[in-house]
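The values are calculated or read from the model by the stated rules, or taken from the named source; none is laboratory data. No experiment lies behind these values; they were computed from the predicted model shown. Using ideal geometry, Cβ is built from the backbone for each residue, glycine included, and neighbour counts are taken over all protein chains shown. Heads up: the accessible areas ignore ligands, DNA and RNA and are worked out on the full protein's heavy atoms, side chains in. Shrake-Rupley method; radii C 1.70, N 1.55, O 1.52, S 1.80 Å.
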Amino acid sequence: MSAIKMDGKALSAKIRNQILAETEELKASGIVPGLAVILVGDDQASQIYVRNKEKACTECGFYSEKHILPATATQDELLELIDILNKNPKISGILCQLPLPEQISEDAVIAAIDPKKDVDAFNTSNVGKIMTGDYDFLPCTPAGVMELLKEYNINAEGKQCVVVGRSNIVGKPMAMLLLHENGTVTICHSKTNNLTEICKSADILVAAIGKANFITADMVKEGAVVIDVGMNRNEEGKVCGDVSNDVMEKASYMTPVPGGVGPMTITMLMKNTIKAAKLQNSIK
Ligand code: NDP
């Protein structure tokens, strides 16, 4: 058996078209969704992510601004820029590309973004709302995974769901969204004992570890749904996920890397930006 590839590129294109149609409607009533992306320093991977986000804004008909600060920028300079963007009515959403240089506290930056413009959903007030299930924005990567599951009619209800990784941006919110869908959720991390056994119990396995080809076929149950969030570089410098290719032969569904979760993450950012524009204009 070879797994069905869950095509995040195709689903993204479909959702971006829907967002573009919604944007046209909003524009007719004088509202233009706007995204400001901030990049501090010259990290190569971050530059690619920012470029992809700008491209997605164009596809969705949004106004967008890119702010590039040098790697030597101070925290005060960045907070000052965020304050200006918080007050700018043309900007519906603000995204500060992580990681940041070490002289800047990521927590301070996340806290400074107006929760109504926090399209990454990293601010503690938005994180709290995700816990209760009464949220405005969902964090982009886990939200993208849930959209993919929905598209392929995979229901988490009653299923054993295992999330490997407990970061604030992926693992933890991913577990929470699966729980909201009535999955029975286990979160694993670097201190987990019996990782292979736990992964093998999963009907739905999400890998968000950041280690190339870490999840191998012997860790996966026959017929499991495997979601690969990882974005790593292998020895040849090629982009690869956290899940080894041999898992394709065991899983029923699997996300490819690239072309699975990655494009969905950016599309969910677009979804949050149009939602922010609506919220700020009191439109449901
Ligand atoms: P983090 O480094 O913040 O978290 C990694 C998690 O993996 C940690 O919880 C860590 O455990 C766990 N881990 C590390 N080693 C092991 C191990 N040997 N066994 C079990 N668990 C382990 O990474 P992120 O969550 O930010 O990202 C994860 C991956 O997803 C990366 O490859 C990243 O590039 C990718 N990513 C992809 C996105 C996309 O759009 N496709 C978006 C965001 C991220 P512990 O907490 O104990 O240290």
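Looking across the stretch 172-184, the residues that are within 19 Å of the chain's Cα centre (by Cα) and more than 16 Å from the ligand (Cβ to nearest atom) come down to Leu179, His180, Glu181. Cβ separations smaller than 8 Å between residues 6+ apart or across chains give the following pairs from the stretch 256-284 residues that are free of Cβ contacts under 8 Å to residues at least 60 places away in the same chain to residues that are open to solvent by 20 Å² or more (accessible area, probe 1.4 Å) and of a type in the set (D, E, K, R): Lys284/Lys278.
Looking at Ile19, is it within 22 Å of the chain's Cα centre (by Cα), modelled with pLDDT of 95 or more and among the aliphatic types (A, V, I, L, M)? Step through it out loud before you land on a result.
Values: within 22 Å of the chain's Cα centre (by Cα): yes; modelled with pLDDT of 95 or more: yes; among the aliphatic types (A, V, I, L, M): yes.
So Ile19 fits the description; yes.
Could you tell me whether Met264 is open to solvent by less than 10 Å² (accessible area, probe 1.4 Å), under 26 Å from Met1 (Cβ atoms) and either touching a helix residue (DSSP H, G or I) at 6+ places or on another chain (Cβ under 9 Å) or more than 11 Å from the ligand (Cβ to nearest atom) (or both)? Give the derivation first.
Values: open to solvent by less than 10 Å² (accessible area, probe 1.4 Å): yes; under 26 Å from Met1 (Cβ atoms): yes; either touching a helix residue (DSSP H, G or I) at 6+ places or on another chain (Cβ under 9 Å) or more than 11 Å from the ligand (Cβ to nearest atom) (or both): yes.
Yes; evaluated as a whole, the condition is true for this residue.
Of all residues in the stretch 137-146, none are touching a strand residue (DSSP E or B) at 6+ places or on another chain (Cβ under 7 Å) and among the polar types (S, T, N, Q). Screening the stretch 131-155 for residues that are under 23 Å from Lys116 (Cβ atoms) and in a loop (DSSP other than H, G, I, E, B) and picking the one that is nearest to the ligand (Cβ to nearest atom) gives Pro139. The residues listed here are Ile198, Ile187, Ile209, Ile169; of these, the one that is within 11 Å of the ligand (Cβ to nearest atom), open to solvent by 40 Å² or more (accessible area, probe 1.4 Å) and in a strand (DSSP E or B) is Ile187. Please verify whether the stretch 50-68 includes one or more residues that are open to solvent by 40 Å² or more (accessible area, probe 1.4 Å), over 24 Å from Val170 (Cβ atoms) and assigned to a loop (DSSP other than H, G, I, E, B). No, every residue in the stretch 50-68 fails to be open to solvent by 40 Å² or more (accessible area, probe 1.4 Å), over 24 Å from Val170 (Cβ atoms) and assigned to a loop (DSSP other than H, G, I, E, B). Exactly one residue out of Ala45, Ala36 is in a helix (DSSP H, G or I) and not basic (Lys, Arg), and it is Ala45. Scanning the stretch 84-98 for residues that are open to solvent by less than 70 Å² (accessible area, probe 1.4 Å) and either part of a loop (DSSP other than H, G, I, E, B) or more than 23 Å from Ile169 (Cα to Cα) (or both) gives Asn88, Ile91, Ser92, Gln97, Leu98. From the list Met248, Met176, the one residue that fits, being under 25 Å from Ile4 (Cβ atoms), outside any loop (DSSP other than H, G, I, E, B) and open to solvent by 10 Å² or more (accessible area, probe 1.4 Å), is Met248. Residues in the stretch 213-241 that are more than 23 Å from Pro263 (Cα to Cα), open to solvent by 70 Å² or more (accessible area, probe 1.4 Å) and not in a loop (DSSP other than H, G, I, E, B): 1 in all.
This table checks each residue for (1) on the phi > 0 side of the Ramachandran plot; (2) modelled with pLDDT under 95.
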site	(1), (2)
Ser46	no, yes
Ala73	no, no
Ile82	no, no
Val109	no, no
Ala121	yes, no
Val127	no, no
Ile130	no, no
Thr141	no, no
Glu151	no, no
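For the stretch 108-130, which residues satisfy the criterion of being part of a helix (DSSP H, G or I) and closer than 23 Å to Ile209 by Cβ?
Kept after step one, since they are part of a helix (DSSP H, G or I), are these residues of the stretch 108-130: 108-112, 115-117, 124-130.
Passing the criteria: Ile110, Val127, Ile130.
When Gly241 is tested against (1) over 21 Å from the mean Cα position of the chain (by Cα); (2) in contact (Cβ under 8 Å) with a residue 24 or more places away in the chain; (3) within 11 Å of the ligand (Cβ to nearest atom), just one condition goes unmet, and that condition is (1).
Within the stretch 160-186, which residues are touching a Ser or Thr at 6+ places or on another chain (Cβ under 7 Å) and not hydrophobic (A, V, I, L, M, F, W, C)? Within the stretch 160-186, Gln160 is the sole residue that qualifies.
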